[in-house]
1. May I ask you to list, by number, the DSSP H helices of the chain whose Cα span along the axis is at least 18 Å and whose average Kyte-Doolittle hydropathy reaches 0.0 or more?
2. Leaving ligands, DNA and RNA out of it, report the carbon-plus-sulfur percent of the accessible area of segment 159-306 at a 1.4 Å probe.
3. Run the numbers on the chain and let me know its relative contact order in percent, using alpha-carbon pairs under 8 Å that are six or more apart.
4. Excluding same-chain residues fewer than 8 positions from Lys292, which lysines have a Cα within less than 22 Å of its Cα?
5. With a/c under 1.5 counting as rounded, go ahead and sort segment 22-138 into rounded, prolate or oblate using the C-alpha gyration tensor (a ≥ b ≥ c being the square roots of the eigenvalues; past the cut-off, prolate if a/b is larger than b/c, else oblate).
6. How many Å² of accessible area per residue for segment 49-118, probe 1.4 Å?
7. Which FRET efficiency value, to the nearest 0.05, do you get for Leu70 and Ser274 by plugging their Cβ-Cβ distance into 1/(1 + (r/R0)^6) with R0 = 45 Å?
Amino acid sequence: MKVALCILGLIQASFALGATYDLPRAEFDLFGYQVEVEADYEDTLIDIARSHGIGQEEILRANPHIDRWLPGASTRVTIPARFILPSAPRDGLVLNLPEMRLYFFPAPEEGVQPQVQTYPVSIGRMDWSTPQGSTTIVSKQENPPWHPPESIREEHAREGDFLPLVVPPGPTNPLGNHALRLGIPGYLIHGTNKEYGVGMRVSHGCIRMLPEDIAQLFSHVQRGTPVHIINQPVKAGWYGGDLFLEVHPPLEEYPMEAAALEAEANAALDRALSKRYASIDAQALENVLARKSGMPEVVSKAPISR
């Protein structure tokens, strides 16, 4: 895989293909980068996504016309690693459910530029929805055993898969090597032994992370860290003189018809426009709402030169 020479977007001075970024100044809302890479013959879109900290649904929406399993040698793949910060406290952990992305705001150190870390995650299927709300991390555990709840054991039994009362640590443990227990009973942020599913709706409500990501987060997060689980399919924010809009497909359990999604977008834009004025490009807004690509796109009109 080769990074293409054409860099498409906002690149910080400390540009790196990683999960940690300098937090934007208070007047800005975007961080990260957008690049194209050239796939090698043996690459899949899922391989490329993981190497850049992107979830499976994210990479598919950014590249809708590319085969996920056989992109083909030299195919140019968009890496959608530019993000608008959610409208939520910049403190602790923020999980935006429709985005299937977790944001971590480490406590800033004196004299050090504040940072934000971001990771793709899996959330619960529609029949096992991950709940919204605010809570905290109540415990941390390395190499956790898994005690399957009775409801999950019954579901597996109906499919002929009889789970034991306890799954010990190891390669068959679906919690992976690290677990952060939430104050919401029964819910964890944890690793996984099925890495390909990260960035999709595949869990029983818990929040799954790539093994390398949860290991990094685990080392930084302490008990008592606040956790905000939100539902924001639409985000708006500024970078420089441009106003951006980012639209994700709404979750099935929180459906939005086109008119409702447009109203949500207008509300997000109004919040951003309360900081400063810009004229909205109606056609650009319509296109972003239609695509639902999950990538920030400019919706403000360029100022008229005088």
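1. Working: long enough: 258-273 (22 Å, 0.46).
Helices meeting the criterion: 258-273.
2. Numbers: 4040 of 7420 Å².
Carbon with sulfur: 55 percent of the solvent-accessible area.
3. On the way: 653 pairs, mean separation 55.0, N = 306.
So the answer I get is 18 percent.
4. Lys235, Lys301
5. On the way: a/c = 2.62, a/b = 1.49, b/c = 1.76.
The shape class here is oblate.
6. Details: 2890 Å² over 70 residues.
Here the residues of segment 49-118 average 41 Å² of exposed surface.
7. Details: r = 47 Å, r/R0 = 1.04.
With a Förster radius of 45 Å, E is 0.45.
The values are calculated or read from the model by the stated rules, or taken from the named source; none is laboratory data. Values in this document were obtained by computation on a predicted structure and should not be read as measured data. Cβ: placed from backbone, ideal geometry, glycine included. Neighbour counts: every protein chain shown. Only protein heavy atoms, including side chains, enter the accessible area calculation; ligands, DNA and RNA are left aside. Shrake-Rupley method; radii C 1.70, N 1.55, O 1.52, S 1.80 Å.
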